[in-house]
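A quick write-up on the structure given underneath.
All of the numbers you see were taken from the coordinates with simple rules; none came from a lab. If you're wondering where the values come from, they're calculated on a predicted model, not measured in any experiment. Glycine also receives a Cβ, built like all others from the backbone with ideal geometry; neighbour counts cover every protein chain displayed.
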Amino acid sequence: MLYEGDYEYFIKELEADEGQPYHMGNRELAEDLFKEFKKVNKEAGMYCYDISQFICKDNRAKKKLIEMLNKQKERQEKELKQTIDLIKEIEEEVKASQLVFHS
C-alpha cells in the first residue's frame with residue numbers, strides 16, 4: 001500500500017542515483033512502487049534477492065546490479081572455500097586425535 005508522497009519520494013531518489021539500482025528492504029512497498037513505475041518506464045525491472053529488492057530504471061542500472069551481484073558472488077565463493085578448508089582441517093585433527101587415543 002502506497003501512502004501519500006511515497007511514489008514521489010521514490011522517483012526523486014531514483015532520479016538522484018542515475019544509473020544505479022535502487023535498493024529496498026520492504027517487498028510489499030517495492031512491489032507497489034515498481035507497479036506504478038513500470039507504467040511509465042517499460043525498460044524498468046525489479047529483482048528480489050534474499051530480503052532485498054532492487055529496482056532498476058534502465059539497462060545501465062541493470063548492468064550495475066549484475067556487477068554488484070558478481071562481486072557478492074565472488075566474496076561468497078571465497079568464504080565458502082575458506083569454510084570447506086577449515087572443516088577439512090578440523091576433521092583431520094579429530095581423525096588424528098582419535099588414532100592417537102586408540103593406539
So for the chain, considering every pair of alpha-carbon atoms, how many percent are separated by more than 18 Å?
60
Which of Tyr22, Phe34, Ala61 sits closest to the plus end of the dipole of region 6-73, meaning its Cα is farthest towards the positive end, when Lys and Arg get +1 and Asp and Glu get -1 on the C-beta?
Ala61
Dipole of the chain, Cα-centred, from +1 at each Lys and Arg C-beta and -1 at each Asp and Glu C-beta, to the nearest 20 debye?
440
Ordered by residue, what ³J(HN,Hα) values in Hz, to whole numbers, does region 26-42 give under the Karplus form 6.51 cos²θ - 1.76 cosθ + 1.60, where θ = phi - 60° and Gly and Pro are x?
9, 4, 4, 5, 4, 5, 5, 5, 5, 4, 6, 5, 4, 4, 10, 9, 5
Where a Cα-Cα gap under 20 Å defines reach, which lysines qualify for Lys71, not counting those fewer than 8 residues away within the same chain?
Lys62, Lys63, Lys81
Cα to Cα, under 12 Å, and not fewer than 8 places away if on the same chain: which aspartates and glutamates meet these conditions relative to Lys57?
Glu13, Glu15, Asp17, Glu18, Glu43
Highest first, please rank the peptides 70-77, 38-45 by the mean number of other Cβ atoms sitting within 10 Å of their residues.
38-45, 70-77
Residue-wise HN-Hα coupling along region 47-54, computed from phi with Karplus coefficients 6.51, -1.76, 1.60 (Hz; x: Gly, Pro)
10, 10, 9, 6, 9, 9, 10, 10
